[in-house]
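Structure record follows, encoded as structure tokens.
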Amino acid sequence: MMSKKHIALYMCALLALAACAINVSPTAFFYQDAEQKPLDTTKLHAAIQKDEMSAGITQVELTNQQGIVLRGVAVSYANPIVNIVFFADNRMSVSENNSVIHRLGQLPANVLWLDYQGVGASEKASKLSINAIKQDALTQFDYVKNAFDPSLPTVVHGRGIGSYFASYVAANRQIDALVLDGAFNNISDLIANMVPGFSNSFTSMKLHDDVHSMQIAPILRHYEGPLWLVVGEQDKITPYSISQQLLKDAASSKKYISVIPKATHNATLKSDYAITEYKQFLARFTQ
């Protein structure tokens, strides 16, 4: 996630301009790297060898509708039971989070993960657009049938900010299951949780249209497929109460929630308990 320090500085700058309201644009919360970085899978190779597992790693380049190249990996583990399309959290690039891929691969699963535009190894647009990233999410999902065995079920997994893009895919494509990991419901609540007390300094937030549309509950009210919400017991950014409400809002009759003991916002998948719960969720519709 974007650091609390950066959010606080941004809010203070806005306070100097307006004492009663702030304008929230995508750049206020959606992280972008200053420069593009090479894709690095060194730690992933090492983890696979250490655990004496078999997996194929393919570097992927996709050109989106804007002509921007998105880069990431398609990792195929032995005897997979599912394909996973992964949408990351803020400040979460493929190169710096190889361990997340390996954890998911141990389900076992095939995993597709592309860096968001302007993040990690992907190219950057001249202007950040949430709508463009939503279209990128569909492009990434559509690529799966070329990357992995199409006879396997495909799960869309969103982590943190990625929970919205995963939900957007679920609303616009036929998926087999949806996983929301540390999910939020709307941006104003997310920012308020990231900087406790800041909302008391303002009377309102004015969200740009594409930011205002980033709400998950309205999507879940129409989504009827298998749904798993996972949240850390010590998550203060997207606390359990949010996932609990999303679970209530969801139309699915096959919906489940898991609270990961002692886990913070960024640490759910580090827990063996979380992986065990993940396997149980998959078993409900893959067997």
From the Cα gyration tensor of segment 169-287, with a ≥ b ≥ c the square roots of its eigenvalues, which class applies: rounded if a/c is under 1.5, or else prolate if a/b is larger than b/c, or else oblate?
oblate
Most fluctuating residue of Gln65, Gln135, Gln215 in a GNM of the chain with Cα springs under 10 Å: which is it?
Gln65
Cβ density ranking, 10 Å radius, fewest first, applied to Thr41, Thr286, Thr58 yields Thr58, Thr286, Thr41
State the Cα centre-to-centre distance between segment 224-270 and segment 41-100 in whole Å.
24 Å
For segment 38-115, give the magnitude of the charge dipole about the Cα centre (Cβ charges: +1 Lys/Arg, -1 Asp/Glu; no others), in debye to the nearest 20.
60 debye
Going through the cross-link list Lys50/Lys270; Lys236/Lys270; Lys255/Lys279; Lys43/Lys279; Lys43/Lys127; Lys37/Lys127, which pairs have a Cα-Cα distance over 22 Å in this structure?
Lys43/Lys279; Lys43/Lys127
Quick one: dipole size for segment 61-200, taken about the Cα centre, charges +1 on Lys/Arg Cβ and -1 on Asp/Glu Cβ, in debye to the nearest 20.
120 debye
How big is the Cα convex hull of the chain in projection, averaged over all directions, in nm²?
14.4 nm²
Need one number: convex hull volume per residue for segment 91-201, Cα atoms only, in Å³.
127 Å³
Exposure proxy check: Leu39, Leu246, Leu112 ranked by fewest other beta carbons within 10 Å?
Leu39, Leu112, Leu246
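All of the numbers you see were taken from the coordinates with simple rules; none came from a lab. This one's a predicted model, so the numbers in the text were calculated from it and none came from an experiment. Reconstructed Cβ throughout: ideal geometry from the backbone, glycine too, with neighbour counts over all protein chains shown.
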